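K.L.:
Take a look at this one; I'll ask things after.
The values are calculated or read from the model by the stated rules, or taken from the named source; none is laboratory data. Bear in mind the structure is a predicted one, so any value in this text is a computation, not a measurement. Neighbour counts run over all protein chains shown; Cβ positions are idealised from the backbone, glycine included. Heads up: the accessible areas ignore ligands, DNA and RNA and are worked out on the full protein's heavy atoms, side chains in. Shrake-Rupley method; radii C 1.70, N 1.55, O 1.52, S 1.80 Å.
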Amino acid sequence: MGTEAIPENFNSLIISDDKELIIVFDKYQVGAGSDGVIKINIPLEEISEIISPEIIRIFDINVSSKTEELVENNKDEITAELHIDCSKESCVALTFDDGPSVYTNKLLDILKEYNVKATFFILGRSAKIQPDTIRRIIAEGHVVANHSWDHKDLSKLPVEAIKQQVNDTDNLIKKIANYEINIFRPPYGAYSKLVQDNVDKPIILWNIDPEDWKDKDAVLVTERMSEATAGSIVLAHDIYPSTIEAIPQVIENLKQKGLKFVTINEMFEAKKLKKGEVLRFRKG
Ligand code: NI
């Protein structure tokens, strides 16, 4: 073939004054003899990703938007690696309960776009149906946390049932994602002494509740979530489209306040959390 990627086939390459790469194929090389010499013009901007930086500099080529995107993504990765110290910075933790749901992937897209990390208090029952979503949550740097198997009020259950609700969920996540869960939030925030004594994790509650389960209204949810301040743990549910719709503006509003988004684990990084200890926000 006259177009096979060997040097002999491309011995006539020209870069024109119009910043185009011109590939010249000899008579008979790629077509009938009557077609004569065939030239193909490719604007350099279109192929800026595959030509050397020196050529780009010499010919002053605008790099394509695709290359800019790559640079932008790299920048995000670098930002993500910067460690946030919540004893020095004003931190806020967004937490999403009761998923994963069919809306969780949309939420993950939004969080990715804003480079925000969050904590997902998942139900074992739902995780079993959407293991890929669980693996995506983890792969994208968020924290997966335990919210029981199927959202029973644990404060009304006997000890064996409490343990089963928590352990079955832990074991499933270990199995599908090789991930160890280390924090727990009881359904409805309801816990008993029995729960505190028998769950081997700290109990993470919240101090900002947008009541997004009651008012499925993105504007209201945005307003209420935006009341978060330094140290806040914000509750929300990734099972309502109205909540997902609120998130971009919530992120914008909290960023405006100078708050940095962290996972629950980052928020309490310096503290040694004890099993059964109840936390609603970060002090100081
Ligand atoms: Ni819940």
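K.L.:
Are any residues in the stretch 179-188 open to solvent by 20 Å² or more (accessible area, probe 1.4 Å) and free of Cβ contacts under 8 Å to residues at least 60 places away in the same chain, and if so, which ones?
P.N.:
Once the filter is applied, which keeps residues that are open to solvent by 20 Å² or more (accessible area, probe 1.4 Å) and free of Cβ contacts under 8 Å to residues at least 60 places away in the same chain, the stretch 179-188 yields Tyr179, Glu180, Tyr188.
K.L.:
Helices (runs of 4 or more DSSP H) wholly in the stretch 189-284 with at least 1 residues that are open to solvent by 80 Å² or more (accessible area, probe 1.4 Å) - which ones?
P.N.:
193-198, 218-225, 241-256
K.L.:
Let me ask something else about it. When only residues in the stretch 115-135 that are away from the ligand (no atom under 14 Å from the Cβ) and open to solvent by less than 50 Å² (accessible area, probe 1.4 Å) count, which is nearest to Ser232 (Cα to Cα)?
P.N.:
Ala118
K.L.:
Another question about this same structure. Please work out which residue is farthest from the ligand (Cβ to nearest atom), limiting yourself to the stretch 92-114 and to residues that are closer than 25 Å to Trp149 by Cβ and among the β-branched types (Val, Ile, Thr).
P.N.:
Filtering first and then ranking leaves Val102.
K.L.:
Select from the stretch 17-53 the residues that are open to solvent by less than 60 Å² (accessible area, probe 1.4 Å), modelled with pLDDT of 75 or more and under 44 Å from the mean Cα position of the chain (by Cα) and list them in ascending order.
P.N.:
Glu20, Leu21, Ile22, Ile23, Ile42, Pro43, Leu44, Ile47
Residues are listed down the side, and each one gets a yes or a no for (1) within 16 Å of the ligand (Cβ to nearest atom); (2) within 21 Å of the chain's Cα centre (by Cα); (3) on the phi < 0 side of the Ramachandran plot:
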{"site": "Ile203", "(1), (2), (3)": "yes, no, yes"}
{"site": "Glu211", "(1), (2), (3)": "yes, no, no"}
{"site": "Glu227", "(1), (2), (3)": "no, no, yes"}
{"site": "Ala236", "(1), (2), (3)": "yes, yes, yes"}
{"site": "Lys275", "(1), (2), (3)": "no, no, yes"}
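For every residue, the table says whether it meets (1) assigned to a helix (DSSP H, G or I); (2) closer than 16 Å to Thr104 by Cβ.
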residue	(1), (2)
Asp132	yes, yes
Ile138	yes, yes
Gly141	no, yes
Trp149	no, no
Glu160	yes, no
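K.L.:
Checking Val144 against (1) buried (at least 20 other Cβ atoms within 10 Å of the Cβ); (2) within 14 Å of the ligand (Cβ to nearest atom): exactly one of these is not met. Which one?
P.N.:
(2)
K.L.:
Collect the residues in the stretch 162-201 that are under 24 Å from Cys91 (Cβ atoms) and either within 13 Å of the ligand (Cβ to nearest atom) or of a type outside the set (S, T, N, Q) (or both), keeping them in residue-number order.
P.N.:
Listed by number, the residues that qualify are Tyr179, Glu180, Ile181, Ile183, Phe184, Arg185, Pro186, Gly189, Lys201.
K.L.:
With the checklist (1) within 14 Å of the ligand (Cβ to nearest atom); (2) open to solvent by 10 Å² or more (accessible area, probe 1.4 Å); (3) among the hydrophobic types (A, V, I, L, M, F, W, C) in hand, flag the one item Val159 doesn't pass.
P.N.:
Failing condition for Val159: (1).
K.L.:
Of the residues that make up the stretch 87-104, is at least one open to solvent by less than 30 Å² (accessible area, probe 1.4 Å), modelled with pLDDT of 80 or more and part of a helix (DSSP H, G or I)?
P.N.:
Of the stretch 87-104, the ones open to solvent by less than 30 Å² (accessible area, probe 1.4 Å) are 91-101, 104.
Remaining after also requiring modelled with pLDDT of 80 or more: 91-101, 104.
Remaining after also requiring part of a helix (DSSP H, G or I): 104.
For the stretch 87-104, residues open to solvent by less than 30 Å² (accessible area, probe 1.4 Å), modelled with pLDDT of 80 or more and part of a helix (DSSP H, G or I): present.
K.L.:
I want to confirm something. Restricting to the stretch 105-129 and keeping residues that are basic (Lys, Arg) and assigned to a helix (DSSP H, G or I), which single residue is farthest from Thr169 (Cα to Cα)?
P.N.:
Keep residues of the stretch 105-129 that are basic (Lys, Arg), which gives 106, 112, 117, 125, 128.
Still in the running and assigned to a helix (DSSP H, G or I): 106, 112, 125, 128.
Numbers: Lys106: 23, Lys112: 26, Arg125: 8, Lys128: 9 Å.
My answer is Lys112.
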